[in-house]
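Some notes on the structure that comes next.
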Amino acid sequence: KESVMAGENYEDVMDAKQSQDLAEKTALEELQEVRRSLPIYGYREQLLQAVEEHQVLVIVGDTGSGKTTQIPQYLHEAGYTKRGKVGCTQPRRVAAMSVAARVAQEMGVKLGHEVGYSIRFEDCTSDKTVLKYMTDGMLLRELLGEPDLASYSVVIVDEAHERTLSTDILFGLVKDIARFRPDLKLLISSATMDAEKFSDYFDTAPIFSFPGRRYPVEINYTTAPEADYMDAAIVTVLTIHVREPLGDILVFFTGQEEIESAEENLKQRIRGLGTKIRELIICPIYANLPSELQAKIFEPTPEGARKVVLATNIAETSLTIDGIKYVVDPGFSKMKSYNPRTGMESLLITPISKASATQRAGRAGRTSAGKCYRLYTAFNYNNDLEENTVPEVQRTNLASVVLSLKSLGIHDLINFDFMDPPPAEALVKALELLFALGALNKLGELTKAGRRMAEFPLDPMLSKMIVVSDKYKCSDEVISIAAMLSVGGSIFYRPKDKQVHADNARMNFHTGNVGDHIALLKVYSSWKETNYSTQWCYENYIQVRSMKRARDVRDQLEGLLERVEIEISSNLNELDSVRKSIVAGFFPHTAKLQKNGSYRTVKHPQTVHIHPNSGLSQVLPRWVVYHELVLTSKEYMRQVTELKPEWLIELAPHYYQQKDVEDAASKKMPKGAGKAAM
Ligand code: ADP
Ligand code: MG
C-alpha cells in the first residue's frame, strides 16, 4: 500500500510541476497581452524609427501609458543592447526597484540578471544586465567613474517633468556627452507639459508625443477649508467605501509618518463599523517600505473587496496602480526648502502646485471614469496654488552637486548649462560651505580631502565627518554612525501599547547623556556583539530592517574607506574624538541654549528646539551640534550631540571666530531677554 501511495505522490508532484510550468507560460503570455494593450504599443514602430533617426528625442505620453516599462524593452528588442546598456533614470528609489521588477517579470528573467536596478547603497545588477533602471543620483555618481558613459548605448532620463536636482544636473552633463558621442542615444521622457522647454534646451530636439487613454474625472472640492486634512482624508475614504460603487482608492499623504498613522486610524474605524461593510484592503507605499510589501500594492483586488492605497507623491507619476477609481487629494507634499541666505535647509509640508493636482486627479481616470476629492476649496485651488512646482535646483542646498561637478572637472559653475539656473547666492553658499569643510581651496579647486569626500555617496558634511575620522583614529565608530544616520526611517520601534517599555529600552542607550550620535553607535555595536541577532532587536524595540540596512550601508562605507586609503581604526575609549569628527563635518549645524530652554543657531540666528525623541531633550546642554532640522509644530533639531565651543574655532577656523563662541549665556542676562529676542 505504501508503494502505491508513493507512486501517487510522485505523479502528483509531476502533475504539479507540469501545471506550474503551464501556469508560468500562460502568466507570461498574459503579461505579453497586457503589454500589447498599453497605449504606447500602437506607436512602437514609429517610436523606434524616431530613435533611429534622431540622436536626442523628447518623449511625451500620459502617466501609465507604458513609457517606463516598455521603451527600454522595445530598444532591447530592436537590438540597441548589443552595443551597450540601456539606462533609464528614475527620481525615486522605489520606482526604480518596482519598475525593474515588473520589466524582469515581463521578460521572464530573474531580477538582477538581464534587467536590474541600481539605487544608493544597493546594486542589483550583474555582468548580464542590459536594461538598467537607476535613480538619477546613481547615474550622476556613475559619471564620476565613466565620464563618457561608454558602457551605455541609450540613456533615458525618465520622469523628466519631476525636475529633481540630479535630473537637472544630468541634463547639462548628458547634453554635453551627446555632442562628442554621436552613437549615444538620448531620450528625455516626461508625463506632461514642458515638452517645448525640454526640446528648446536640447537644441530643438524633436518631440515624440502620443495620446494616452483618459477617462473623465469628476472633481469635487470641499466647501470650506479643512482644519485637519489627515482626519478629513480618512473620513472621505470611509464615505467612499460605504457609499460609492466598487473601485480602488488612492490617497496622497506627505510621508511615512502620516501614512502609518492614517493606516492605524483607518483600521480602528473600520473595526468600529462592524461586519456589515465590504472588506477594505489597506496598502501603504512610501520610499522606505520594504520591497516585499511594495509589491502588495500591485496585487489585484479580490472580487467584492476594495483596496485603498495610502501613498506619498510616488504615486503621482512614478508608479501607476491599475484599478484606481477614486483619488483623495489633501493638497500637500513634503518639500525641501532652503534659505540661500542662511544656508538653512528644512523639510516642510507645503501646498502642491496646480500641475501636481492635475496629475493626482488623473490617476482616477486611467481604466474608467473616476472621481477626485480635493480636500481644499475651489477658491483655494484657483487663487492659492502655484502653476508649477519650483524645480528642486532652485530650492535646495547645492553643496553635494557642486562637489560632484568639481570632481568631474567642471569649474565654471556660474556658466553651467542649467535649464533653470539656481539663485547665484545658493551657488556661492555651496562654494563657501565646501571651502569651510576643506573640500575646496581658496581658488575653488578640489583639495585632497575634497577628492576623498567626493567618493562617498553622502552629503558633504557626512563625508567630511568620515574623512576627518582618520585624523582622530575613530573611522570604525564614525562609519557606523554615518550608516545609522543614512538608513532613513526610524531605528527605534514604539508600539502604541508598549510605549513605556520601548522608551525605557531606548533610554538605555543614552545612559550618561552621551548624545544621540553615540547612542546610535551603541545600538549598532551592541547589535554587532550579539552577532546581529534579530531576537536582540525585538527585545530592545529596535527595527530589525533598519539595522540590516545600516549594516549594508556600513559595509559599503568600509569598502569606500579602503578606496580612499583610510585605515579602519577604533578609539572607543576617547568618545570626544568621535564627537570632534562629528563637529568637523557638522559645524554649520550648531546651536546654543537660551534662557527659555530653546536654542539659537550660532551663525545665522534662528530659534530651534531639541526634538522630544532626542536623548538630550531633558538634558539641554549649553552647546549642541545637530544632524538635521525638521519643521513640524516647531523647528526641531534631530540627532543632537553636545560639543565644547572651543572645538568650533579649532575645527572650523574659517567659519567661526572667537566672538561667535563666547559664552554670552554665562554672563548675567536680564530677565525676559530670551523672550524679547524671539
Ligand atoms: P508610464 O511610464 O508611461 O507612466 P509605466 O510603464 O510605468 O507607464 O506603466 C505601464 C503599466 O505597467 C501600467 O499599467 C502599470 O500599472 C503597469 N506596472 C508598472 N509597474 C508595475 C508593477 N510593479 N506591477 C504591476 N504592474 C505594473
Ligand atoms: Mg513612468
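Some observations on this one:
- Looking across 301, 342, 317, one residue alone is within 16 Å of ligand 1 (Cβ to nearest atom), touching a residue at least 60 places away in the same chain (Cβ under 8 Å) and β-branched (Val, Ile, Thr). It is 317.
- Per the listing 517, 510, 501, the residue uniquely touching a residue at least 12 places away in the same chain (Cβ under 8 Å) and either over 27 Å from residue 463 (Cα atoms) or assigned to a strand (DSSP E or B) (or both) is 501.
- Across segment 232-244, the qualifying residues are those that are surrounded by fewer than 17 Cβ atoms within 10 Å (Cβ to Cβ) and touching a residue at least 24 places away in the same chain (Cβ under 8 Å), and the one among them that is nearest to residue 39 (Cα to Cα) is 244.
- Subset of segment 53-74 that is part of a helix (DSSP H, G or I) and touching a residue at least 12 places away in the same chain (Cβ under 8 Å) - its residue that is farthest from the chain's Cα centre (by Cα): 74
- Any hit, segment 369-386, residues being among the β-branched types (Val, Ile, Thr) and either under 21 Å from the mean Cα position of the chain (by Cα) or modelled with pLDDT under 95 (or both): no
- Residues (in contact (Cβ under 8 Å) with a residue 24 or more places away in the chain, of a type in the set (Phe, Trp, Tyr) and within 16 Å of ligand 2 (Cβ to nearest atom)) located in segment 93-142: 133
- Within segment 640-654, the residues that satisfy the criterion of being surrounded by fewer than 17 Cβ atoms within 10 Å (Cβ to Cβ) and not β-branched (Val, Ile, Thr) are 644, 646, 650, 653, 654.
- Residues located in segment 541-574, provided they are in a loop (DSSP other than H, G, I, E, B) and under 20 Å from the mean Cα position of the chain (by Cα): 543
- Number of the condition not met by residue 52 [criteria: (1) within 14 Å of ligand 2 (Cβ to nearest atom); (2) surrounded by fewer than 22 Cβ atoms within 10 Å (Cβ to Cβ); (3) among the acidic types (Asp, Glu)]: (1)
- Flag if residue 282 is within 16 Å of ligand 2 (Cβ to nearest atom) and over 17 Å from the mean Cα position of the chain (by Cα): no
- Output for segment 217-273, where each listed residue is among the aliphatic types (A, V, I, L, M) and closer than 18 Å to residue 333 by Cβ: 230, 232, 233, 250, 251, 259, 262
- Condition met for residue 153 (more than 16 Å from ligand 2 (Cβ to nearest atom), of a type in the set (S, T, N, Q) and assigned to a strand (DSSP E or B)): yes
- Residue list for segment 331-361, restricted to those being assigned to a strand (DSSP E or B) and either farther than 26 Å from residue 638 by Cβ or in contact with a Pro (Cβ under 7 Å, 6 or more places away or on another chain) (or both): 332
- Pick from segment 167-195, criterion buried (at least 23 other Cβ atoms within 10 Å of the Cβ) and of a type in the set (S, T, N, Q), ranking: farthest from ligand 1 (Cβ to nearest atom): 167
- The condition of being among the small types (Gly, Ala, Ser), surrounded by 14 or more Cβ atoms within 10 Å (Cβ to Cβ) and either touching a residue at least 40 places away in the same chain (Cβ under 8 Å) or not in a strand (DSSP E or B) (or both) holds for residue 617.
- Inspection of segment 415-435 identifies at least one residue that is more than 21 Å from the chain's Cα centre (by Cα) and within 22 Å of residue 640 (Cβ to Cβ).
- Residues of segment 182-221 that are small (Gly, Ala, Ser) and in a strand (DSSP E or B): 189, 190, 209.
- Residue count for segment 60-103, restricted to those that are on the phi > 0 side of the Ramachandran plot, more than 10 Å from ligand 1 (Cβ to nearest atom) and crowded, with 22+ Cβ neighbours inside 10 Å: 0.
- Members of segment 480-518 found to be more than 21 Å from the chain's Cα centre (by Cα), of a type in the set (A, V, I, L, M) and farther than 15 Å from residue 543 by Cα, listed by number: 500, 507, 514, 518
- Selection of first residues in segment 624-650 that are farther than 22 Å from residue 488 by Cβ and of second residues that are at pLDDT 95 or above and of a type in the set (S, T, N, Q), restricted to Cβ pairs under 8 Å at least 6 apart or on distinct chains, gives the following pairs, ordered by first then second residue: 624/590; 624/641; 643/590; 648/590.
- Residues (closer than 18 Å to residue 74 by Cα, part of a loop (DSSP other than H, G, I, E, B) and of a type outside the set (D, E, K, R)) located in segment 114-135: 129, 130
- Single residue of segment 508-528 satisfying the filter (of a type in the set (Ser, Thr, Tyr) and in contact with a Ser or Thr (Cβ under 9 Å, 6 or more places away or on another chain)) that is nearest to residue 545 (Cα to Cα): 524
- Remark: pairs (first residue in segment 546-558, more than 15 Å from residue 478 (Cβ to Cβ) and aliphatic (A, V, I, L, M); second residue buried (at least 20 other Cβ atoms within 10 Å of the Cβ) and at pLDDT 95 or above; Cβ separation under 7 Å; 6+ apart in sequence or on different chains) = 547/527; 547/537.
- Subset of segment 295-317 [among the hydrophobic types (A, V, I, L, M, F, W, C) and farther than 22 Å from residue 356 by Cα]: 295, 298, 305
- Considering residues of segment 314-330 that are crowded, with 21+ Cβ neighbours inside 10 Å and away from ligand 2 (no atom under 16 Å from the Cβ) only, the residue farthest from residue 63 (Cα to Cα): 330
- Test: residue 209 is closer than 25 Å to residue 157 by Cβ and either crowded, with 17+ Cβ neighbours inside 10 Å or among the basic types (Lys, Arg) (or both): no
- Segment 30-41, subset more than 16 Å from ligand 2 (Cβ to nearest atom) and touching a residue at least 12 places away in the same chain (Cβ under 8 Å), residue surrounded by the fewest Cβ atoms within 10 Å (Cβ to Cβ): 32
The values are calculated or read from the model by the stated rules, or taken from the named source; none is laboratory data. In this text, all values refer to a predicted model and were calculated from it rather than measured experimentally. Positions of Cβ are backbone-derived with ideal geometry, glycine not excepted, and every protein chain shown enters the neighbour counts.
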